[in-house]
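S.K.: What follows is a single structure, and I will ask about it in a moment.
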Amino acid sequence: MSAASGEHAALMDSIYRGQRHIYDATRKYYLFGRDRLIGALACEPGDSVLEIACGTGRNLDRIARTWPGVHLFGLDISNEMLISASGRLGTRARLAQGDARDFDAATALGQARFDRVVLSYSLSMIPDWDRALRHAAALVAPGGSLHLVDFGSLEGLPRPLAAALRGWLAKFHVEPRLDLRDAALRVCALEALDCEWEDGPFAYYQSGVLQRPTG
């Protein structure tokens, strides 16, 4: 990894070295929309599913249970998180460490394109996140799709609650990407993808599906 990637990896390791042990127990209370994303993947047996910034492997485990027969791949910049993911997934997934912005999927994971690519509450933590989004879209195979969920504008929440949440997220270097939809539309134009987008209740989260045509 580059020097910049190494610095970000060190930062993520410092955050998650202890947090990874309680991550899933705590994040279920405020990372909404993940299971809805998983339920909408519409995978077939034999499909390849890559989660970029897979964290503890929680989502990949849920994907395997929801869509039996898929081939799982996970990438994360934090070695600490990959320890948890490996312990949870074992041989069910191929995991690798890398920077979401520029990793070589063929080298790291043995495959260059994937039927489903997932970015779940990750772009809000990635520097140059729009670059990571473009890279993720480029990894989608013909007929495949990129599925996104992340924090929204929070504008439907009472202002004190929204301000408190933003302050809490900042402690973990999380920043909602208010122009995520616009960035997704730019990527769709660049990659000739179709896009569906929606906001969750109270604009707490935003989600999208970027679909690559079969031809």
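The values are calculated or read from the model by the stated rules, or taken from the named source; none is laboratory data. These numbers come from a predicted model, not from an experiment. Here the Cβ is made from the backbone with ideal geometry for all residues, glycine too, and neighbour counts use every protein chain on show. All accessible areas refer to the heavy atoms of the entire protein, side chains included, with ligands and DNA or RNA removed. Shrake-Rupley method; radii C 1.70, N 1.55, O 1.52, S 1.80 Å.
S.K.: Quote the accessible area belonging to E191 in square angstrom, nearest 10, computed with a 1.4 Å probe and with ligands, DNA and RNA left uncounted.
M.R.: Surface open to solvent at E191 totals about 50 Å².
S.K.: Among L180, S124, Q206, whose Cα sits farthest toward the positive end of the charge dipole of the stretch 117-215 (+1 at Cβ of Lys/Arg, -1 at Cβ of Asp/Glu, about the Cα centre)?
M.R.: Looking along the dipole axis, the top candidate is S124.
S.K.: Treating only the Cα positions of the stretch 161-215 as identical point scatterers, give the base-10 log of I(q)/I(0) from the Debye formula at each q in 0.17, 0.27, 0.29 Å⁻¹.
M.R.: So the normalised log intensities work out to -0.66, -1.06, -1.13.
S.K.: Among residues other than E198 whose Cβ falls under 12 Å from its Cβ, what is the net charge (Lys/Arg +1, Asp/Glu -1)?
M.R.: 0
S.K.: Let me spell out the model: positive unit charges on the Cβ of Lys and Arg, negative unit charges on the Cβ of Asp and Glu, origin at the Cα centre of the stretch 98-183. What dipole size does that give, in debye rounded to 20?
M.R.: Dipole of the stretch 98-183, to the nearest 20 debye: 200 debye.
S.K.: May I pose another question? Per DSSP H run of at least 4 residues, take -39500 (n - 2.57); add these up for the chain, divide by its residues and hand me the 222 nm value, nearest 500 deg cm²/dmol.
M.R.: -11500 deg cm²/dmol
S.K.: Taking amide H positions as placed in the peptide plane 1.01 Å from N, state which residues far from C54 in sequence (5 or more) or on other chains have amide H under 5 Å from it.
M.R.: When sequence neighbours closer than 5 places are left aside, the close amide H contacts are L75, D76.
S.K.: Now, a different point. Could you state the number of Å between the C-alpha centres of the stretch 95-165 and the stretch 176-198?
M.R.: A separation of 12 Å, based on Cα centres.
S.K.: Taking square-rooted eigenvalues a ≥ b ≥ c of the alpha carbon gyration tensor, is the chain rounded, prolate or oblate, where a/c under 1.5 means rounded and, failing that, a/b exceeding b/c means prolate?
M.R.: In terms of gyration-tensor shape, rounded.
S.K.: Calculate what fraction, in whole %, of the accessible area of the stretch 67-215 sits on carbon and sulfur atoms when a 1.4 Å probe is rolled over the protein chains.
M.R.: Result for the stretch 67-215: 53 percent of the exposed heavy-atom area is carbon or sulfur.
S.K.: Let me ask something additional. Just read off the accessible area of L95 with the full protein assembly in place, 1.4 Å probe, to the nearest 10 Å².
M.R.: Looks like 50 Å² after rounding.
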